[in-house]
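K.L.:
Below is the structure I would like to discuss, written out as structure tokens.
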Amino acid sequence: MKHFWFILAVWLLLARPAPAGDDGFQSLFDGRTLAGWEGNLKLFRVEDGAIVGGTLESRIARNEFLCAQEEYADFELRLQFKVLGRGANAGVQFRSRRIPNHHEVKGYQADLGDGWWGSLYDESRRNKILAAADAMAVKRELKRDDWNDYTIRCEGPRIQLWLNGLQTVDYTEPDPAIERDGLIGLQIHAGAPSEAWYKEIRLKKL
């Protein structure tokens, strides 16, 4: 019985987000396990200190999302990503919800992939680009098949995105009915063999 309670205590410790550092940011990913996250573990794994969605060995049958278990409203999220594979597509969900009894997630997405880099998309809700990044400016900053920085900042109706320090989106939501809190999720998009890598996932509540 003591062994059971010890295991439970360790699990709860791992599942809890790391405390905020001196800069106010807390880590959402411990670099070793998927504690604090939920999703299809056949498509998501931890490798070399990163969360990896998808595979380069076969096609991705459908969109899949790995979501942090806590919900957030106003925050600044910083992470690093790289996307591998011809025609690969992925993204970072925020202020999002899982669709009941479905694999999809609905809500804002900081998009990743050719034609989409640095843009703000509304996934499985309005199903459209809400604010498009300047493709030529992004092309100059993007490091293909290598690590890049993404910053997502939400304050009230205002959403801002930066890719490698370049601001790509400054959007104010005009619809007061759209939710201003929700889940953070990591996507791998359906399609050709591909992988989306995410690491150094840190968040500061505002």
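K.L.:
Counting Lys and Arg as +1 and Asp and Glu as -1, each charge on the Cβ, what is the dipole of the stretch 87-140 about the Cα centre in debye, to the nearest 20?
P.N.:
Numbers: 9 positive and 6 negative charges, 43 e Å.
Dipole size: approximately 200 debye.
K.L.:
Helix-only estimate, please: 222 nm mean residue ellipticity of the chain, summing -39500 (n - 2.57) across DSSP H runs of length 4 or more and dividing by its residues, to the nearest 500. Before the final figure, lay out each step's value.
P.N.:
On the way: 2 runs with 21 residues, N = 206.
After summing the helix terms and dividing by the residues of the chain, the value is -3000 deg cm²/dmol.
K.L.:
Evaluate the relative contact order of the stretch 130-183 (contact order divided by residue number), counting alpha-carbon pairs under 8 angstrom at least 6 apart; express in whole percent. Spell out each step's value before the answer.
P.N.:
Numbers: 65 pairs, mean separation 16.7, N = 54.
Over the stretch 130-183, the number comes to 31 percent.
K.L.:
Taking 27 Å as the cut-off for C-alpha to C-alpha distance, list the pairs among Lys82/Lys205; Lys42/Lys139; Lys139/Lys205 that go past it.
P.N.:
Values: Lys82/Lys205 25 Å; Lys42/Lys139 32 Å; Lys139/Lys205 30 Å.
Result: Lys42/Lys139; Lys139/Lys205 exceed 27 Å.
K.L.:
Let me ask something else about it. Please calculate the 1.4 Å probe accessible area of Lys82, with all protein chains present, and give it to the nearest 10 Å².
P.N.:
Surface accessible to solvent at Lys82 totals approximately 40 Å².
K.L.:
Then there is this: Remind me, relative contact order of the stretch 152-196 in percent, using alpha carbon pairs under 8 angstrom and six or more residues apart? Provide the component values of the computation, followed by the final result.
P.N.:
Values: 37 pairs, mean separation 10.5, N = 45.
About 23 percent, as a whole number.
K.L.:
Output ³J(HN,Hα) for the stretch 136-148: one whole-Hz value per residue in order, computed from phi by the Karplus curve 6.51 cos²θ - 1.76 cosθ + 1.60 with θ = phi - 60°, and x for Gly and Pro.
P.N.:
Along the stretch 136-148, the couplings run 5, 5, 5, 4, 5, 9, 5, 9, 5, 6, 9, 6, 10 Hz.
K.L.:
Starting from the Kirkwood radius over alpha-carbon pairs of the stretch 97-206, derive D by Stokes-Einstein at 4 °C in a medium of 1.567 mPa s and give it in µm² s⁻¹. Before the final figure, lay out the partial values.
P.N.:
Details: Rh = 15.0 Å.
The calculation lands on 86 µm²/s.
K.L.:
Let me ask something additional. Mind giving me the FRET efficiency for Arg59 and Ala35? R0 is 25 Å, r the Cβ-Cβ distance, nearest 0.05 is fine.
P.N.:
Values: r = 29 Å, r/R0 = 1.17.
The value I calculate is 0.30.
K.L.:
If I compute solvent accessible area with a 1.4 Å probe over the protein chains, what percent of it on the stretch 113-170 is carbon and sulfur? Numbers along the way, then the final one.
P.N.:
Details: 1330 of 2980 Å².
In the stretch 113-170, the share of accessible area belonging to carbon and sulfur is 45 percent.
K.L.:
Set Lys and Arg Cβ to +1 and Asp and Glu Cβ to -1, take the dipole of the chain about its Cα centre, and tell me which of Leu56, Phe94, Tyr171 lies farthest positive.
P.N.:
Leu56
K.L.:
Within the set of other residues whose C-beta is less than 15 Å from the C-beta of Ala190, count the net charge using Lys and Arg as +1 and Asp and Glu as -1. Can you show the working numbers first?
P.N.:
Details: positive: Lys42, Arg59, Arg62, Arg86; negative: Glu64, Glu104, Asp111, Glu123, Glu195.
Residues near Ala190 contribute -1 overall.
K.L.:
Which of these, Ala90, Ala35, Ala61, has the largest mean-square fluctuation under a Gaussian network model of the chain (Cα springs below 10 Å)?
P.N.:
Highest fluctuation among the options: Ala61.
K.L.:
OK, next. Hey, got the dipole for the chain? About the Cα centre, +1 on K and R Cβ, -1 on D and E Cβ, debye to the nearest 20? Write down the numbers at each step before the final one.
P.N.:
On the way: 28 positive and 30 negative charges, 81 e Å.
That gives a dipole near 380 debye.
K.L.:
Net charge within 11 Å of Val46 by Cβ-Cβ distance, Lys/Arg positive one each and Asp/Glu negative one each, not counting Val46 itself?
P.N.:
Working: positive: Arg32, Arg45, Lys199; negative: Asp30, Glu47, Asp48.
Neighbour charge sum, excluding Val46 itself: 0.
K.L.:
Taking 8 Å as the Cα distance limit and 6 or more residues as the minimum spacing, I'd like the relative contact order of the stretch 53-129 as a percentage. Can you show the working numbers first?
P.N.:
Numbers: 92 pairs, mean separation 16.5, N = 77.
Taking the mean separation of contacting Cα pairs over the length of the stretch 53-129, I get 21 percent.
The values are calculated or read from the model by the stated rules, or taken from the named source; none is laboratory data. Just so it is clear, the model here is predicted, and its values are computed rather than measured. Cβ atoms come from the backbone with ideal geometry, glycine included; neighbour counts cover every protein chain shown. The accessibility values were calculated without ligands, DNA or RNA, using every heavy atom of the protein model including side chains. Shrake-Rupley method; radii C 1.70, N 1.55, O 1.52, S 1.80 Å.
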